[in-house]
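Undergrad: First, the structure itself, so that you have it in front of you.
The values are calculated or read from the model by the stated rules, or taken from the named source; none is laboratory data. Note that the structure is predicted; figures quoted are calculated from it, not measured. Every residue, glycine among them, receives a Cβ derived from its backbone with ideal geometry; neighbour counts consider all protein chains shown. Accessible surface areas use protein heavy atoms only, side chains included; no ligands, DNA or RNA. Shrake-Rupley method; radii C 1.70, N 1.55, O 1.52, S 1.80 Å.
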Amino acid sequence: MAVELPDNVVVTKLDELASWCRKNSLWPMPFATACCGIELMATGASRHDLARFGAEVFRFSPRQCDLMIVAGRVVMKMLPVLQRIWQQMHEPKWCISMGACASTGGVFDTYCVVQGIDRFVPVDMYVPGCPPRPEQLIQAIIDLQDKIQREGTISGAEFETATRQMTKRALQELPMYGRQ
Amino acid sequence: MPAKPETIAALAARFAGLSASEFRGDTRVVVLKDSLLAAMQHLKSDGKFDLLVDVTCVDYLNYRDARDRFGLVYLLANTVTNERLTVRSFLNEPDLTVPSMVPLWSGANWLEREVYDMFGILFDGHPDLRRILMPNEFAEFPLRKDYPLQGRGERHNFPVLKRNQA
């Protein structure tokens with residue numbers, strides 16, 4: 001049975017609506033430990049204006065954030081702090097590894113620098129550069145918004161279920177690649 | 001400004017086995033380890049070196065023509081006459097204990113903790129000799145030359161958080 005809709009009505013799924021709301025109001029947690037933090041501040045400031053993409057509310061309490069931006073190198077004394085802050089953030093939450101040091105350790109291949117935070121916390125987006133330009137970080141946030149819209153928001157328990165089912169599914173059926 | 005010749009002469013007259021040299025305007029004296037504390041006391045009370053600028057250490061393992069393993073370096077300054085003096089003393093394993101300079105200059109506290117952290121030199125009489133830069137559970141002394149640059153895997157000895165462990 002066909003239903004006539006008025007022109008100003010759109011039909012969607014509730015999950016998609018929730019994802020749309022979440023992606024457009026990301027609250028970043030600035031985990032800035034080095035020079036990438038300066039670019040991170042520039043991104044939030046008026047010239048590059050992260051508010052255009054709805055992610056300008058930098059909060060220094062992990063309880064109020066849903067996007068951790070790790071900007072700079074992480075040493076072995078800082079890593080337990082990073083993990084604790086990550087665990088203190090509420091779900092759903094995402095993580096951007098900003099710059100070469102956070103992603104791979106960069107030039108600091110020494111005894112105390114962790115060679116990439118993705119060894120110890122889950123990372124959604126990597127931003128290359130040393131340090132990256134604010135435009136690159138903005139692009140990463142736009143890509144992350146795209147990922148949130150396509151993938152939906154997955155809590156930890158749902159992720160476990162999805163990981164168990166992953167072996168049974170073909171790659172194309174995964175939500176990130178499947179739609180569109 | 002280099003130390004005055006009479007300052008060096010007064011020090012050399014009191015302590016045997018002391019050798020002094022000058023290089024590009026910097027005066028340096030090498031003191032035997034046993035007379036280090038007495039020499040520093042003399043430099044503070046008679047030489048009026050009221051500022052301990054830095055305490056650091058050099059590992060001479062595999063260094064050409066080196067006879068001793070560790071070279072301890074104290075940089076002293078007299079803030080009235082602007083004299084500066086480098087005091088050095090050599091140490092060898094297994095006896096890596098030297099007297100602490102905290103009773104003379106309280107600024108030596110964190111400097112000696114850093115030398116202990118990086119080289120494992122023990123400072124006798126230090127009020128609080130713990131690691132200052134590395135985590136407490138770290139077991140090695142990373143600036144020693146026999147410690148590899150990339151460590152022995154300590155930097156990756158942490159629990160891994162997955163997405164379901166939020």
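Undergrad: Going by the structure shown, is B:GLY47 outside any strand (DSSP E or B) and of a type in the set (Gly, Ala, Ser)?
TA: Yes; evaluated as a whole, the condition is true for this residue.
Undergrad: A follow-up question, please. Name every residue in the range B:30-87 that is under 15 Å from B:VAL115 (Cβ atoms) and β-branched (Val, Ile, Thr), in order of residue number.
TA: B:VAL53, B:VAL55, B:THR56, B:VAL58, B:VAL73, B:VAL87
Undergrad: For A:CYS95, state whether it is under 25 Å from A:GLU135 (Cα atoms), in contact with an Asp or Glu (Cβ under 8 Å, 6 or more places away or on another chain) and of a type outside the set (Gly, Ala, Ser). Outline the logic, then answer.
TA: On the way: under 25 Å from A:GLU135 (Cα atoms): yes; in contact with an Asp or Glu (Cβ under 8 Å, 6 or more places away or on another chain): yes; of a type outside the set (Gly, Ala, Ser): yes.
Yes, satisfied.
Undergrad: Follow-up question, since we're still on this one. Any residue in the range B:36-48 that is acidic (Asp, Glu) sitting within a Cβ distance under 7 Å of a residue that is assigned to a helix (DSSP H, G or I)? List the pairs, counting only those 6 or more apart or interchain.
TA: Every condition considered, the pairs that remain are B:ASP46/B:ALA10.
Undergrad: I've got another one for you. List the number of the failed condition for A:MET76; all other conditions in (1) under 16 Å from A:GLN139 (Cα atoms); (2) touching an Asp or Glu at 6+ places or on another chain (Cβ under 8 Å) hold.
TA: Unmet condition: (1).
Undergrad: Continuing with the same structure: Of all residues in the range A:130-161 being free of Cβ contacts under 8 Å to residues at least 40 places away in the same chain and over 21 Å from A:HIS90 (Cα atoms), which is surrounded by the fewest Cβ atoms within 10 Å (Cβ to Cβ)?
TA: Here the answer is A:CYS130.
Undergrad: Okay, moving on. Output the number of residues of the range B:61-74 satisfying the condition of being surrounded by fewer than 18 Cβ atoms within 10 Å (Cβ to Cβ) and under 20 Å from B:VAL30 (Cα atoms).
TA: From the range B:61-74, those surrounded by fewer than 18 Cβ atoms within 10 Å (Cβ to Cβ) are B:61-68, B:71, B:73; that's our starting set.
Filter once more, keeping what is under 20 Å from B:VAL30 (Cα atoms): B:61, B:63-68, B:71, B:73.
Within the range B:61-74, residues that are surrounded by fewer than 18 Cβ atoms within 10 Å (Cβ to Cβ) and under 20 Å from B:VAL30 (Cα atoms) number 9.
Undergrad: Within the group B:VAL102, B:VAL115, which residue is more than 14 Å from every other protein chain (Cβ to nearest Cβ) and outside any loop (DSSP other than H, G, I, E, B)? It would help to see each step written out before you state the result.
TA: Numbers: B:VAL102 fails: outside any loop (DSSP other than H, G, I, E, B).
The conditions single out B:VAL115.
Undergrad: Could you pull out the residue among B:PRO135, B:PRO142, B:PRO148 that is within 11 Å of chain A (Cβ to nearest Cβ) and either touching a residue at least 60 places away in the same chain (Cβ under 8 Å) or crowded, with 18+ Cβ neighbours inside 10 Å (or both)?
TA: Working: B:PRO135 fails: either touching a residue at least 60 places away in the same chain (Cβ under 8 Å) or crowded, with 18+ Cβ neighbours inside 10 Å (or both); B:PRO148 fails: either touching a residue at least 60 places away in the same chain (Cβ under 8 Å) or crowded, with 18+ Cβ neighbours inside 10 Å (or both).
Going through B:PRO135, B:PRO142, B:PRO148 in turn, just one is within 11 Å of chain A (Cβ to nearest Cβ) and either touching a residue at least 60 places away in the same chain (Cβ under 8 Å) or crowded, with 18+ Cβ neighbours inside 10 Å (or both): B:PRO142.
Undergrad: Can you name the residue in the range A:49-81 that is β-branched (Val, Ile, Thr) and open to solvent by less than 60 Å² (accessible area, probe 1.4 Å) and is also farthest from B:VAL160 (Cα to Cα) among such residues?
TA: Result: A:VAL57.
Undergrad: Here's another thing I want to ask about it. Filter the range A:82-109 for residues that are β-branched (Val, Ile, Thr) and open to solvent by less than 40 Å² (accessible area, probe 1.4 Å); which is farthest from the other protein chains (Cβ to nearest Cβ)?
TA: Only one residue tops the list, namely A:ILE96.
Undergrad: I would also like to ask the following. Could you list, in sequence order, all residues of the range A:101-119 that are among the aliphatic types (A, V, I, L, M) and within 28 Å of B:LYS145 (Cβ to Cβ)?
TA: Result: A:VAL107, A:VAL113, A:VAL114.
Undergrad: Can I ask one more? Which of the numbered conditions does A:MET29 fail, given that it passes all the others? Conditions: (1) of a type outside the set (Phe, Trp, Tyr); (2) open to solvent by 30 Å² or more (accessible area, probe 1.4 Å); (3) outside any helix (DSSP H, G or I).
TA: The one condition A:MET29 does not meet is (2).
Undergrad: Here is a further query. Go over the candidates A:VAL70, A:VAL11, A:VAL57 one by one and state the one that is touching a Leu at 6+ places or on another chain (Cβ under 9 Å) and in a strand (DSSP E or B).
TA: Within the list A:VAL70, A:VAL11, A:VAL57, the selection yields A:VAL70.
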